[in-house]
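Each remark here refers to the structure printed beneath this line.
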């Protein structure tokens, strides 16, 4: 059985929630502001969603935990953002082909590696033709346990998952991150969906 994400939010055991948006995403947006429709799967309490909305994107935050969605909705809006209670891996057809961008930060590392192919299927369904995928992959995780999240993903593993349908636009190890994440723990990968 997987982690009870809703209970974690209910009791406040959410060490992944740092109280502010990803420094990696914030730095990226300083050079490449996003426009259009954006989906943030596994949005938690919505820090990344609000950052994106504040700079002008039309953003949907999606999470499987009702308590996370309730907490996200309690924040004052910063722009055009909304939150939906939904399992990204079982994406509702109302989201198909709707998004110019999908932003990955802490969703892929939270699901079991055996579910990653379902994640990619949902991603392809969500994106518009030639849509963009921006991911902050966890390459290394301190004290990683094989049977519990967060699950790191190697470059080879992510290439194997995405390269049949995506082209890399840009990738790099970010200089700025949360203080608790050592340099090299994360890699930002910007990809474009080959929809044909």
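The values are calculated or read from the model by the stated rules, or taken from the named source; none is laboratory data. Note that this is a predicted model, so its numbers are computed, not measured. Here the Cβ is made from the backbone with ideal geometry for all residues, glycine too, and neighbour counts use every protein chain on show.
What the table below lists for this structure:
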| quantity | calculated |
| --- | --- |
| Given (1) under 21 Å from residue 189 (Cα atoms); (2) at pLDDT 95 or above; (3) surrounded by fewer than 22 Cβ atoms within 10 Å (Cβ to Cβ), index of the condition residue 79 fails | (1) |
| Residue that is nearest to residue 59 (Cα to Cα) [pool: residues in segment 87-122 that are part of a helix (DSSP H, G or I) and in contact with a strand residue (DSSP E or B) (Cβ under 6 Å, 6 or more places away or on another chain)] | 88 |
| Boolean, residue 73 is within 27 Å of residue 139 (Cβ to Cβ) and surrounded by fewer than 17 Cβ atoms within 10 Å (Cβ to Cβ) | no |
| Residue, surrounded by the fewest Cβ atoms within 10 Å (Cβ to Cβ), within segment 8-43, restricted to residues that are in a loop (DSSP other than H, G, I, E, B) and at pLDDT 95 or above | 36 |
| Residue in segment 71-80 that is closer than 19 Å to residue 18 by Cα, assigned to a helix (DSSP H, G or I) and touching a strand residue (DSSP E or B) at 6+ places or on another chain (Cβ under 9 Å) present | yes |
| Failed item in (1) under 25 Å from residue 26 (Cα atoms); (2) touching a residue at least 24 places away in the same chain (Cβ under 8 Å); (3) exposed (fewer than 15 other Cβ atoms within 10 Å of the Cβ), with residue 66 passing the rest | (1) |
| Cβ-Cβ under 7 Å pairs, at least 6 apart or on other chains, segment 1-22 side free of Cβ contacts under 8 Å to residues at least 24 places away in the same chain and at negative phi, far side part of a helix (DSSP H, G or I) and crowded, with 17+ Cβ neighbours inside 10 Å | none |
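Conditions (1) closer than 24 Å to residue 6 by Cβ; (2) modelled with pLDDT of 95 or more; (3) in contact with a helix residue (DSSP H, G or I) (Cβ under 8 Å, 6 or more places away or on another chain), marked per residue:
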{"site": "61", "(1), (2), (3)": "yes, yes, yes"}
{"site": "92", "(1), (2), (3)": "yes, yes, no"}
{"site": "115", "(1), (2), (3)": "yes, yes, yes"}
{"site": "168", "(1), (2), (3)": "no, yes, no"}
